[in-house]
Structures are given as C-alpha cells and as structure tokens.
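*Asks:* Structure provided below as structure tokens; questions to follow.
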Amino acid sequence: MAAAAKTTSPPAVRDVDVYATESGTLPVYRWRQAPKGLATRRQLRERRLRPGGQDPVAVIECRGGKRKAWLYEIDKAKPIRPMTFAKEVALDKAMAKRQTCPSCSRRYYHCLPLKTLGSCLECYDGPPAAPGSYMRPPGDQLAAAA
C-alpha cells in the first residue's frame, strides 16, 4: 500500500491591527484626548459621513469609564447615502404613527406620549391645544381652498 501524499496547508494568514496594543485590545482614550483623524459616529454624521463598513480603531471613554464610544478613521469614512423617496415615505409613515392621536385623529408636529397617556394632552385632560401645534386631518380641508 502506497503511502498517502501529505498535503500541506498554507500558512495561516494573520490580520494585523495597527492600532491594537500588545494585549490585542483597542486603545482607549480619555475624553478629548483622541488623536486627530478619528471620530465617533455622531461626529461622522455631522460631517455627512458614515463608517462605511470599517471596524472601530479605538475607544473613547468619558464619565470615569461609565460611557464609551467607538472611534473610526475619518479618511476611510464614506459619504452618507441620499434619502430616497421610498425611505422618506416609510419614515413619514412611522412618524405619523407616533404623532397622531388615536382619539381625535389630529397629527401633531411632535411625538405624543401614547405609551403613558394613550392620547394627546387635549384628549387626556382637556386644555385646548394651540392650533399651530397640529396639522389638519386630510378630510378637513375645503375643496375650494385646494
């Protein structure tokens, strides 16, 4: 019986993180001590950017380590995707659910406390709402005004 040929596997590829410390963890910076070129998700969003699939390269902590945020490289960030019409319609439907009173069917410009009160403040305890704080229901508009 012939000896089976040994197959050698290729050497394991080791991914090297240039930001990692010797212990393999990400570097942790204190509040306002992070190097330039790194930003949190909110800071990227202010610049109209997104992480774009990159992994975080560091951590920033504040409040004595009680709060932490991931830091991403600004150079590798991608621009945010534009709002499509379908996304805008879906967002408006979701917001309409949170802004419409189930009792009087008025849609307000702010979110209502539906989990706690179950309706708008006017339906809950009676003080009239300011007319500028809500939109008229679609059926209330006169045909001549359109």
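*Asks:* In the stretch 64-123, what count of residues is obtained for those that are among the small types (G, A, S), open to solvent by 50 Å² or more (accessible area, probe 1.4 Å), more than 27 Å from L44 (Cα to Cα) and without any contact (Cβ under 8 Å) to a residue 24 or more places away in the chain?
*Replies:* 1
*Asks:* Name the residue that is farthest from M95 (Cα to Cα), counting only residues in the stretch 124-134 that are loosely packed, with under 14 Cβ neighbours inside 10 Å, at pLDDT below 85 and out of contact with any helix residue (DSSP H, G or I) (no Cβ under 7 Å at 6 or more places or on another chain). First the steps, then the outcome.
*Replies:* Taking the stretch 124-134 as the starting set, the residues that turn out to be loosely packed, with under 14 Cβ neighbours inside 10 Å are 125-128, 130-133.
Narrowing further to those that are at pLDDT below 85: 126-128, 130-133.
Imposing the further condition that a residue be out of contact with any helix residue (DSSP H, G or I) (no Cβ under 7 Å at 6 or more places or on another chain) reduces the set to 126, 130-133.
Values: G126: 24, A130: 20, P131: 20, G132: 18, S133: 15 Å.
By that ranking, first place goes to G126.
*Asks:* Checking P35 against (1) out of contact with any Gly (no Cβ under 9 Å at 6 or more places or on another chain); (2) under 30 Å from S133 (Cα atoms), which test does it fail?
*Replies:* Unmet condition: (2).
*Asks:* Please specify each residue of the stretch 1-54 satisfying the condition of being of a type in the set (S, T, Y), modelled with pLDDT under 60 and surrounded by 13 or more Cβ atoms within 10 Å (Cβ to Cβ).
*Replies:* Applying the first criterion (of a type in the set (S, T, Y)) to the stretch 1-54 yields 7-9, 19, 21, 23, 25, 29, 40.
Now restrict to residues that are modelled with pLDDT under 60: 19, 21, 23.
If the condition is that a residue be of a type in the set (S, T, Y), modelled with pLDDT under 60 and surrounded by 13 or more Cβ atoms within 10 Å (Cβ to Cβ), then Y19 is the only one that fits.
The values are calculated or read from the model by the stated rules, or taken from the named source; none is laboratory data. Keep in mind the model is a prediction, meaning the values are calculated, not measured. A quick note on method: Cβ atoms are made from the backbone with ideal geometry, for glycine too, and the neighbour counts reach across all protein chains shown. We work out accessible area using only protein heavy atoms, side chains counted, and drop any ligands, DNA or RNA first. Shrake-Rupley method; radii C 1.70, N 1.55, O 1.52, S 1.80 Å.
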